Amino acid sequence: MNSADLNPAGINLVACVKWAELRPEIDPLHGSVEASQRSSGFSSSDFAAVESALRLAQAWSDQGQVCVVTVLCAGPEDAEDSLRDFFAVGATRVVRVDLAEQRSSAQVAELLASALVPSQLNAQFVICGDVSSDRGSGSVPAYLAHHLGMQQALGLIGLESTDPGSLHATRRLDGGRRERLLLTAAAVISVEGSVATLRRSSLAATLAAKQKTVELRKQQIDWPTEVNRLRPWRPRARVLAPPAGDDALSRILELTGAQSGSTAARTLRLDPEQAAEAVLEQLAAWGYLDDSPPA
Amino acid sequence: MTDFDVIVVGAGPAGAAAALEAARAGRSVCLLERGPYPGSKNMYGGVVYGRVLDSLIPNWWEEAPIQRWVTRRSTMLMTGDQAVTVDYRCSSWGEAPYNGATAFRPEFDAWLASKAEAAGAVLICSTTATGLLRDGTRVVGVRTDRPDGDLTAQVVICCDGVNSFLAKEAGLYPPSDPANYTLGVKETILLPREVIDERFAVRGDHGVDIEILGCTGEVPGGGFLYTNAESLAVGLVLSLPKLAACGRRPEEILAELKAHSAIAPLIEGGQVKEYSAHVIPEAGYKMMPELIGDGILVAGDAAAMCLAAGIWLEGVNFAIGSGAAAGQAAARAVQRRDTSSAGLQDYRRRLDSNFVMSDHRKLREAPHLVMSDLAQQQLPRIACGVMEQLFTVTNPDPKPGLRKIIRGQMKLNNLKLRDAISQGMKALRTFG
Ligand SMILES: Cc1cc2nc3c(=O)[nH]c(=O)nc-3n(C[C@H](O)[C@H](O)[C@H](O)COP(=O)(O)OP(=O)(O)OC[C@H]3O[C@@H](n4cnc5c(N)ncnc54)[C@H](O)[C@@H]3O)c2cc1C
């Protein structure tokens, strides 16, 4: 890659998309999951991420900025035909980081981050779908922000460009409230599928895209062997002294604490460090921290 | 200068074969498909007859996505609670070069289209041809549903399946008559491979094709039951106007077939995975449109080249045969720089000299015969009645003679000897 590719003076927007099983076939006889190239693709929120990147780039280009939109995917070779379609809607570059097998969100993010760093795609804005369609956790963008040292705004339901390099984002809060954020580079954001529908490419662009090449990156990361936990972590049972009481009812009441006073609600006004400390103290007092999850 | 030499609309078997042949002849070809991939929108009963592929893709059987090779073919005549079956087995059909095979269309069509792509055709999916581009009466391309979606070519081959809007727009079809169409409905039912092997008495990758008459009640039609590797396809073909007139739902009639004592044990315990429906150009030869216009050819179901005549339910082989002929003729016309109707007549000559037209011409009365009352109602009842009487032991009464039984059954079912003979002669002339 030459330095012009890094678009040093302009804005590099990278949309990250995940190649996933959209309609996995579960064999009802064997219970096996059958994946196929035909039933795989990208989620609506990934498409929204690409469309958002294209719209931001368009808006900022209109204001005189040089914008480059790159679509980045860590996935298998099977994804290439569908990835090529992103050229047709207007992506400048499409990059596939070779990843043949399923990996954890943390590992996928590590792989993507290695392609996003300044010496590579030099991304100022990384836009992801909020969750992938194969029951994704939505945590890849957060990991990405961590790896790249960027600010993050996740699960957005609205995006508006302002001056080149900055944008307004809207996020859903509890109770029907909304949060409006002003974001400037460099940031990782993730958008819900409702944010934008990917534009339909013109016929000429669709034809031209057939000739384009998806850039391939082979990143070598030595991941430690993973030990998969088979079930969610549960705290170990606590040994309690036998309840005192003459009859069964009083022993049950003693055991369950049904009639003893519960901890009264308290409102503490503390700074974040002290608040965290207070929460831990209370949890320890209730006996929740006697045991910690396996590393 | 046009965008392509040839545009093929529809990546079903006809379109893939047309694109394959035109691309092989060195022409630039665009294959347009409205579905996200070839075959994604397509359904059929389930049996492909591959002989037509021998010349297109030598040793196709080594790579085609096949479920089972049909080595057992049965024809069943049934009434509400009886069934007579003629069962034919042939182990040589289970060896190369094979005869028929069950296959899934999303797999089969995608495979065939990949051959066209490998030959150089450009496949564009998720793109619907919405109309024709014309220069006067001459077709010069298609309009698609994409932005800036006009695409020009010297020849457009319409392989867009039954009820082709493009062929109609080109004025190649007379006004359509619903009586020429049937509705096909099908359930795919999952069963373990060993259960299928056991119930249908086949082993390995051998499979069964059962065609059924007399299973559609008051609606003329027929039924079928095919074995896939780990599923069954059970379905019906129903006369469209008669179905509409009787006011019943097709799935109701299918449920009756599934509950029949000859079918229920075969599908018992299976899980319905899919229900699908599609129209069939039943009348075949009699409803064929003009096949050639200035800059345009029509092939496959779009040209009504489907043979749905009782013991035959074949369309894929005719689609491939006609598509290949259209691709060859289009390539030749482009090379000779005459893609007018006259320059494209080679298509007609190719069809006339191969099985596509000779089979359709020969069997042109077959759909009518199969849909007649005799075939639909009287024949199954008489056949089942004769069998019942023949095999019911009535001792101490003496056994009745076969002639007497047949006469009795014909009388019972209001079939006059004269009508039987005249229909028999017609059938002989058609099928003979
Ligand atoms: C219930 C049923 C059972 C059958 N059983 C059998 C059987 O067992 N064996 C057999 O040989 N035949 C069978 N047939 C017939 C067979 O399915 C057809 O004859 C055959 O599919 C015709 O192939 P085709 O390529 O002409 O059309 P199709 O297979 O219909 O393909 C047409 C293609 O064109 C595409 N298309 C349509 N319009 C457009 C457009 N405007 N723009 C872009 N693309 C478009 C469609 O998506 C499709 O991919 C059966 C049919 C039915 C309905």
*Of A:LEU112, A:LEU148, A:LEU183, which residue is surrounded by 19 or more Cβ atoms within 10 Å (Cβ to Cβ) and in contact with a Ser or Thr (Cβ under 9 Å, 6 or more places away or on another chain)?*
A:LEU183
_Return the pair list, or none, for Cβ contacts closer than 7 Å from residues in segment B:41-62 that are on the phi < 0 side of the Ramachandran plot to residues that are near the ligand (Cβ under 6 Å from one of its atoms) and among the charged types (D, E, K, R), at least 6 apart or on different chains._
B:LYS41/B:ARG34; B:MET43/B:LYS186; B:GLY45/B:LYS186; B:TYR49/B:GLU314
*Output yes when any residue across segment B:394-402 is surrounded by 13 or more Cβ atoms within 10 Å (Cβ to Cβ) and within 15 Å of B:LEU77 (Cβ to Cβ), and no when none is.*
no
*Give the residue that is farthest from the other protein chains (Cβ to nearest Cβ), with candidates limited to residues of segment B:98-128 that are more than 16 Å from the ligand (Cβ to nearest atom) and surrounded by 14 or more Cβ atoms within 10 Å (Cβ to Cβ).*
B:ALA119
*What are the residues in segment B:251-264 that are of a type outside the set (A, V, I, L, M, F, W, C) and either closer than 18 Å to B:ASP209 by Cβ or within 14 Å of another protein chain (Cβ to nearest Cβ) (or both), if any?*
B:LYS258, B:HIS260
*Of the residues B:SER322, B:SER358, B:SER341, B:SER372, which single one is among the polar types (S, T, N, Q) and crowded, with 23+ Cβ neighbours inside 10 Å?*
B:SER322
_Take B:GLU282 and tell me if it is within 13 Å of the ligand (Cβ to nearest atom), part of a loop (DSSP other than H, G, I, E, B) and in contact with a Leu (Cβ under 9 Å, 6 or more places away or on another chain)._
yes
*Filtered residue count, segment B:282-311, keeping only those that are within 14 Å of B:ALA167 (Cα to Cα) and of a type outside the set (D, E, K, R)*: 16
*Tell me which residues, restricted to segment A:168-209, are within 14 Å of chain B (Cβ to nearest Cβ) and in a helix (DSSP H, G or I).*
A:LEU203, A:ALA204, A:ALA205, A:THR206, A:LEU207, A:ALA208, A:ALA209
*asked:* It is to be established whether one or more residues within segment B:60-69 are away from the ligand (no atom under 12 Å from the Cβ) and more than 21 Å from the chain's Cα centre (by Cα).
replied: yes
*If we keep just the residues of segment B:236-271 that are in a strand (DSSP E or B) and within 16 Å of the ligand (Cβ to nearest atom), which is surrounded by the fewest Cβ atoms within 10 Å (Cβ to Cβ)?*
B:SER239
*asked:* Considering only residues that are under 19 Å from the mean Cα position of the chain (by Cα) and assigned to a loop (DSSP other than H, G, I, E, B), which ones fall in segment A:82-106?
replied: A:LEU99, A:GLU101, A:GLN102, A:ARG103, A:SER104
*Does any residue in segment A:38-56 that is away from chain B (no Cβ under 14 Å) and closer than 19 Å to A:PHE125 by Cβ come within less than 8 Å, Cβ to Cβ, of a residue that is crowded, with 23+ Cβ neighbours inside 10 Å and of a type in the set (Phe, Trp, Tyr) six or more places away or on a different chain, and which pairs are these?*
A:VAL50/A:PHE86; A:ALA53/A:PHE125; A:LEU56/A:PHE125
*Scan segment B:309-326 for residues that are more than 7 Å from the ligand (Cβ to nearest atom) and either of a type in the set (Gly, Ala, Ser) or not in a helix (DSSP H, G or I) (or both) and report the count.*
9
*Counted residues, segment B:132-145 - those being in contact with a Lys or Arg (Cβ under 7 Å, 6 or more places away or on another chain) and within 14 Å of another protein chain (Cβ to nearest Cβ)*: 1
*Exactly one of (1) assigned to a helix (DSSP H, G or I); (2) in contact (Cβ under 8 Å) with a residue 40 or more places away in the chain is unmet by B:PHE224. Its number?*
(1)
*Give segment B:153-211 a look and list any residue that's assigned to a helix (DSSP H, G or I), within 16 Å of the ligand (Cβ to nearest atom) and of a type in the set (Phe, Trp, Tyr), or say none.*
B:PHE165
_Quick check on my filter: what residues within segment A:40-60 are assigned to a helix (DSSP H, G or I), touching a strand residue (DSSP E or B) at 6+ places or on another chain (Cβ under 6 Å) and not aliphatic (A, V, I, L, M)?_
A:SER45, A:ASP46, A:SER52, A:TRP60
_For segment B:1-17, give me each residue that is under 22 Å from the mean Cα position of the chain (by Cα) and either within 9 Å of the ligand (Cβ to nearest atom) or surrounded by fewer than 24 Cβ atoms within 10 Å (Cβ to Cβ) (or both)._
B:VAL9, B:GLY10, B:ALA11, B:GLY12, B:PRO13, B:ALA14, B:GLY15, B:ALA16, B:ALA17
*Could you please give the count of residues in segment B:32-59 that are within 9 Å of the ligand (Cβ to nearest atom) and either outside any loop (DSSP other than H, G, I, E, B) or of a type in the set (A, V, I, L, M, F, W, C) (or both)?*
5
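Since every read-out is calculated from the coordinates, none of them should be taken as a lab result. Note that the structure is predicted; figures quoted are calculated from it, not measured. In this analysis, Cβ positions are derived from the backbone assuming ideal geometry, glycine residues included, and neighbour counts consider all displayed protein chains.
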